[in-house]
Amino acid sequence: MTDHLLVRTDVAERVATVTLHRPEKLNALNRQVLDALDAAFLALESRDDVAVVIVTGAGDRAFVAGADIGALVEMSPLSGKEVSAHGQAVFRRIERFRCPVIAAVNGFALGGGCELALACHIRIASASARFGLPEVGLGIIPGYGGTVRLARIVGFGRALELTLTGAQVKAAEAERIGLVTHVTEPEALMEKARELAATLASKGPLALSMAMEAIYHAADVPTEEALRHEATLFGLLAASDDMREGMTAFLEKRKPDFRGE
Ligand code: COA
């Protein structure tokens with residue numbers, strides 16, 4: 001286990017679990033927590049024994065209760081812009097990560113915590129989870145990508161209402177609107193996350209990475225360009241050992257042994 005003090009990384013069976021660890025403040029994101037989170041993902045980037053990452057929060061109350069309001073209250077216009085850009089960059093590294101990242105939301109995911117979950121590729125939640133972007137109630141707006149990503153995941157209308165009201169969404173409602181894809185009892189959350197991670201870890205790592213690359217790229221460009229990019233990535237995979245292994249294993253009726261090459 002690596003302990004970056006405020007963020008802990010644990011690797012087992014090709015799955016890294018990254019735990020934000022500031023439970024006494026409901027894992028609120030101050031500069032140190034964000035830097036430790038960034039360092040954790042930077043360290044995982046080059047670990048080829050890691051095929052999937054799970055992000056969760058320490059304690060049984062919160063995933064992350066938001067950016068640290070005690071620190072935000074001091075900001076000036078210039079430092080405010082930097083605070084936002086810094087959080088955006090940390091979450092963008094997660095969104096652009098080479099392998100799937102699952103948010104296992106174990107309680108409050110408010111403000112920056114909701115935005116962290118939105119930057120992950122898959123979100124699952126315990127029945128006790130609560131999502132929301134309460135920023136307008138503090139006189140600010142979501143600044144870690146929430147105004148961009150929420151609408152892409154739950155649609156424009158719902159994103160506008162959630163952002164403008166700052167309302168909290170319970171886990172069942174989050175599942176209904178597509179903000180999360182599974183809800184479990186609190187004690188079953190990590191088991192479900194690991195089960196999902198094991199499924200992902202059994203797939204071709206290059207294929208997972210390129211599927212994510214194609215899907216995210218398509219969100220930013222016109223359809224023709226997105227389709228061209230998809231075809232290029234599809235063709236690129238034909239050069240991989242993983243493709244030959246995946247198809248040969250199917251024909252030989254055995255499980256593939258992917259090497260990510
Ligand atoms: N920033 C800084 N500290 C936070 C925090 C945040 N976003 N969220 C919680 N904390 C701290 C509280 O100040 C408290 O610290 P203290 O014990 O030193 O006073 C501790 O975490 C526990 O929180 P508390 O408010 O006592 O728990 P609660 O059960 O009464 O309420 C919440 C839980 C999540 C509803 C409430 O903490 C809350 O509204 N937090 C802020 C959420 C938010 O607006 N986030 C967006 C920020 S941009």
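The values are calculated or read from the model by the stated rules, or taken from the named source; none is laboratory data. All values reported here derive from a predicted model rather than from experimental measurement. In this analysis, Cβ positions are derived from the backbone assuming ideal geometry, glycine residues included, and neighbour counts consider all displayed protein chains. Only protein heavy atoms, including side chains, enter the accessible area calculation; ligands, DNA and RNA are left aside. Shrake-Rupley method; radii C 1.70, N 1.55, O 1.52, S 1.80 Å.
Return the residues of segment 110-145 that are assigned to a strand (DSSP E or B), farther than 28 Å from Ala211 by Cβ and open to solvent by 10 Å² or more (accessible area, probe 1.4 Å); say none if nothing qualifies.
Leu110, Arg130
Give segment 1-22 a look and list any residue that's outside any strand (DSSP E or B) and either within 16 Å of the chain's Cα centre (by Cα) or among the hydrophobic types (A, V, I, L, M, F, W, C) (or both), or say none.
Met1, Leu5, Leu6, listed by residue number.
Under the condition of being open to solvent by 70 Å² or more (accessible area, probe 1.4 Å) and either at positive phi or within 15 Å of the ligand (Cβ to nearest atom) (or both), which residue from segment 66-92 is modelled with the highest pLDDT?
Checking each candidate, the answer is Gln88.
Restricting to segment 122-159, what's the tally of residues that are more than 28 Å from Glu185 (Cβ to Cβ), more than 10 Å from the ligand (Cβ to nearest atom) and of a type in the set (Phe, Trp, Tyr)?
1
Just give me the residues in segment 23-59 being within 12 Å of the ligand (Cβ to nearest atom) and either part of a helix (DSSP H, G or I) or open to solvent by 30 Å² or more (accessible area, probe 1.4 Å) (or both), in sequence order.
Residues satisfying the conditions are Pro23, Glu24, Lys25, Leu26, Val33, Gly59.
Name the helices (runs of 4 or more DSSP H) wholly within segment 160-227 that hold at least 3 residues that are within 30 Å of Gly246 (Cβ to Cβ)?
189-201, 205-218
Which of the residues belonging to segment 30-79 are out of contact with any strand residue (DSSP E or B) (no Cβ under 6 Å at 6 or more places or on another chain), closer than 21 Å to Arg14 by Cα, without any contact (Cβ under 8 Å) to a residue 40 or more places away in the chain and of a type in the set (Gly, Ala, Ser)?
The answer is Ala39, Ser46.
The rows are residues; the columns are (1) of a type in the set (Lys, Arg); (2) in contact (Cβ under 8 Å) with a residue 24 or more places away in the chain; (3) open to solvent by less than 60 Å² (accessible area, probe 1.4 Å).
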residue: Met190; (1), (2), (3): no, yes, yes
residue: Arg194; (1), (2), (3): yes, yes, no
residue: Ala198; (1), (2), (3): no, yes, yes
residue: Lys203; (1), (2), (3): yes, yes, no
residue: Ile215; (1), (2), (3): no, no, no
residue: Leu233; (1), (2), (3): no, no, yes
residue: Leu237; (1), (2), (3): no, yes, yes
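Just one of the numbered conditions (1) of a type in the set (A, V, I, L, M, F, W, C); (2) open to solvent by less than 40 Å² (accessible area, probe 1.4 Å); (3) away from the ligand (no atom under 16 Å from the Cβ) is not true of Val105; which one?
Evaluating Val105 over (1) of a type in the set (A, V, I, L, M, F, W, C); (2) open to solvent by less than 40 Å² (accessible area, probe 1.4 Å); (3) away from the ligand (no atom under 16 Å from the Cβ) leaves (3) as the failure.
Taking Phe63 as the residue in question, decide whether it is in the same structural domain as Pro186 (by TED's automatic domain parsing), closer than 28 Å to Glu213 by Cα and either within 14 Å of the ligand (Cβ to nearest atom) or at pLDDT below 95 (or both).
yes
Check off (1) surrounded by 17 or more Cβ atoms within 10 Å (Cβ to Cβ); (2) among the polar types (S, T, N, Q); (3) under 21 Å from Gln88 (Cα atoms) for Thr17 and give me the number that stays unchecked.
Result: Thr17 fails condition (3) only.
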